[in-house]
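Participant: Okay, handing you the structure first.
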Amino acid sequence: MRGSQVPFPFGLYNLMMAARCVGLLTRLALCTQKGHVQRPIHRFLCCPGTAAADVSREEQSSGAVETGSEDRTPSKRFSEMQKERQEQAQRTVLIHCPNKISEKKFLKYLSQHGAISNHFFYESFGLYAVVEFCQKESIASLQNVARTPSMGKEATIPFRSRFFNLKLKNSSNQPYEQSSIQCSNHSPPSSKKLFELLCCAESIDDQLSTLLKEFQLTEENIKLRYFTCSLIEDIAAAYFPDCVIKPFGSTVNGFGKLGCDLDMFLDLEEIGKLNTLKISGNFLMEYQVRNVPSERVATQKILSVIGECLDHFGPSCVGVQKILNARCPLVRFSHQASGLQCDLTTNNRIALKSSELLYLYGALDSRVRALVFSIRCWARAHSLTSSIPGAWITNFSLTMMRRSPPILPTLDYLKTLADAEDKCIIEGQNCTFTCDLNRIQPSRNTETLELLLKEFFEYFGNFAFNKNSINIRQGKEQNKPESSPLHIQNPFETSLNISKNVSQNQLQKFVDLARESAWILHQEDKDRPSPSNNQPWGLAALLLPSVANNMSFAKKKKKKPASERIKNLLESIKGSNSMENSTHPNGKRTVNTQA
């Protein structure tokens, strides 16, 4: 580790599964890591001028790792990106297709109803096509020629949606042309394929970039997620006209991986915005409404009704669960056609704001997403995270790192850049920060992903969790205000500890594994295997379970724990660079805490 570059608070965020809204918020912090990675190349199927086409131009990469000092292409605000994708989804239909189908004839048939902007096929309990028209009116034209199917002895519930079933007339006479259709992949790579790719990489930086490319959401998958939200919005609109269902969390914040859940937010505030106060003479007209004791009760009743509709009338919605007594009430279900597990909430605006913050952080420095994906993969490989609520670090766990020079600005600094348009108060909490990426100067830090990954493990392998906590808003460590093993301040609801559920045993497991991983990376510096020999090295070696097994074996032999031995060795390595570190008059090392 370079002596002149001292790692600063790199906090691990833990979020209880029940508090998804806070979890998203925590993800934001993750973005503040400094990892650097080449920007992924997506397959874009969009017309010029669309949001996806803009992203395509911004994210195409020559394969080289970018640095914070390079010029950034101006990026859209989060709200602009959301609005454009929602508008695209409104012009889209989903069609369940027969296996024997000609793509050319299929598109020619649909073109009778209007020009097609883009389309793609995928498989999920059958063959499906997502088709985006250039004009919304094309959907009404298609609906006018669709019919309600006859089910013989069974009864059908008529429902006019944008989800269709395509049948072939005289299918026995149709030529088999399935081979001409290429389906999009919506599944993460197998462990075997991932290890092969990592072992063949040329550097650790290349490994982290490869992992990101293989796991991140594709353009097609993001389109499918927005469209699924739009389908559910059609159902909710029967009770709440002009309501909006927005995706949040991993789907939109830039840190989602293939196969992750789809978190949806039912936004009823838009209805109120449409009804601006208009007084005519001495009269004021108001709607008759039903009063309930509290906002929580209102949320529970709304979700209960929508859950019933999804269960009884929603095409392809199965396994509907109404979890209304959770801290954040929700309706959970599977959307069989898209293959997505969905959670629908309302009155959860902080979660949406948290997603926006993560989106901003991920867009500020391309290294962030690569480092976050790799650390999450490392944590899952060693069972540090779990999809089941408990005392461990969850998939909502994130990291925040401050450096000299820093990679990402603190939340407090982003607040100073905000203008009147950015002002945001949610449930009494000040959630204001600038939403304009172009106001934020890029970092001068140009460290590699490999160095950043090493410093992550070194820093947390030696962090004083027993007495210190992480202040995310200010990007620094501070005295722990409570006795929880791990304390990380919620960036927006600062009185909350978002890692309160983590047990001492789970925290110690994380520390031990961080020390072991740091040691593996330092050893490879001395004797790095050749990538061509196809043996696990670098990130691939960190994902092997042998790391944890070695720790257990050392403890069984009643020797000094491996993590303690490695801690001492790492400290000695740091000591050799101590002369390069800046010092305070009292002899203590100092760190740059400014944004």
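Participant: What are the residues in region 223-241 that are buried (at least 20 other Cβ atoms within 10 Å of the Cβ) and among the β-branched types (Val, Ile, Thr), if any?
Facilitator: 228, 232
Participant: Can you name every residue in region 385-444 that is within 20 Å of residue 493 (Cβ to Cβ), out of contact with any helix residue (DSSP H, G or I) (no Cβ under 9 Å at 6 or more places or on another chain) and at pLDDT below 90?
Facilitator: Within region 385-444, 389, 410, 428 qualify.
Participant: Restricting to region 409-441, name every residue that is open to solvent by 60 Å² or more (accessible area, probe 1.4 Å), assigned to a helix (DSSP H, G or I) and more than 17 Å from residue 471 (Cβ to Cβ).
Facilitator: 420, 421, 438, 439
Participant: Pairs, please: C-beta under 7 Å, at least 6 apart or cross-chain, first residue among the small types (Gly, Ala, Ser) and in region 133-159, second assigned to a loop (DSSP other than H, G, I, E, B) and at pLDDT 95 or above?
Facilitator: Pairs that qualify, where the first residue is among the small types (Gly, Ala, Ser) and the partner is assigned to a loop (DSSP other than H, G, I, E, B) and at pLDDT 95 or above, are 138/114; 141/114.
Participant: Moving on to the next point. May I ask you to list pairs of residues, at least six apart or on different chains, whose Cβ atoms are under 6 Å apart, with the first in region 361-389 being over 19 Å from residue 407 (Cβ atoms) and of a type in the set (S, T, N, Q) and the second being assigned to a loop (DSSP other than H, G, I, E, B) and open to solvent by less than 10 Å² (accessible area, probe 1.4 Å)?
Facilitator: Between residues of region 361-389 that are over 19 Å from residue 407 (Cβ atoms) and of a type in the set (S, T, N, Q) and residues that are assigned to a loop (DSSP other than H, G, I, E, B) and open to solvent by less than 10 Å² (accessible area, probe 1.4 Å), the close pairs are 385/393; 385/394.
Participant: Within region 473-509, which residues are buried (at least 21 other Cβ atoms within 10 Å of the Cβ) and of a type in the set (A, V, I, L, M, F, W, C)?
Facilitator: Answer for region 473-509, where residues must be buried (at least 21 other Cβ atoms within 10 Å of the Cβ) and of a type in the set (A, V, I, L, M, F, W, C): 486, 488, 492, 498, 502, 507.
The rows are residues; the columns are (1) more than 30 Å from residue 299 (Cβ to Cβ); (2) acidic (Asp, Glu); (3) part of a helix (DSSP H, G or I).
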| position | (1), (2), (3) |
| --- | --- |
| 189 | yes, no, no |
| 194 | yes, no, yes |
| 202 | yes, yes, no |
| 206 | yes, yes, yes |
| 209 | yes, no, yes |
| 222 | no, no, yes |
| 226 | no, no, yes |
| 240 | no, no, no |
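Participant: Next question. From the list 468, 438, which one is over 23 Å from residue 373 (Cα atoms) and in contact with a strand residue (DSSP E or B) (Cβ under 7 Å, 6 or more places away or on another chain)?
Facilitator: 468
Participant: Still on this model: Among the residues of region 230-287, which ones are modelled with pLDDT of 90 or more and polar (S, T, N, Q)?
Facilitator: Result: 230, 250, 251, 253.
Participant: If you don't mind, another one. Could you tell me whether any residue of region 446-457 is open to solvent by 10 Å² or more (accessible area, probe 1.4 Å), part of a loop (DSSP other than H, G, I, E, B) and more than 30 Å from residue 523 (Cβ to Cβ)?
Facilitator: Looking through region 446-457, none of the residues is open to solvent by 10 Å² or more (accessible area, probe 1.4 Å), part of a loop (DSSP other than H, G, I, E, B) and more than 30 Å from residue 523 (Cβ to Cβ).
Participant: Let me ask another. For region 242-258, give me each residue that is assigned to a loop (DSSP other than H, G, I, E, B) and buried (at least 20 other Cβ atoms within 10 Å of the Cβ).
Facilitator: Residues satisfying the conditions are 249, 254, 255, 256.
Participant: Go through 350, 323, 306 for me and flag whichever is surrounded by 16 or more Cβ atoms within 10 Å (Cβ to Cβ), of a type in the set (Val, Ile, Thr) and at pLDDT 95 or above.
Facilitator: 306
Participant: Given the criteria modelled with pLDDT under 95 and among the charged types (D, E, K, R), does residue 290 qualify?
Facilitator: Yes; evaluated as a whole, the condition is true for this residue.
Participant: While we're on this one: Looking at (1) at pLDDT 95 or above; (2) surrounded by fewer than 18 Cβ atoms within 10 Å (Cβ to Cβ); (3) not small (Gly, Ala, Ser); (4) not in a loop (DSSP other than H, G, I, E, B), which is the only condition residue 119 fails?
Facilitator: So the condition that residue 119 fails would be (2).
The values are calculated or read from the model by the stated rules, or taken from the named source; none is laboratory data. No experiment lies behind these values; they were computed from the predicted model shown. FYI the Cβ positions are ideal-geometry reconstructions off the backbone, even for glycines, and counts take in every protein chain you see. SASA here: full protein model, heavy atoms, side chains in, ligands and nucleic acids out. Shrake-Rupley method; radii C 1.70, N 1.55, O 1.52, S 1.80 Å.
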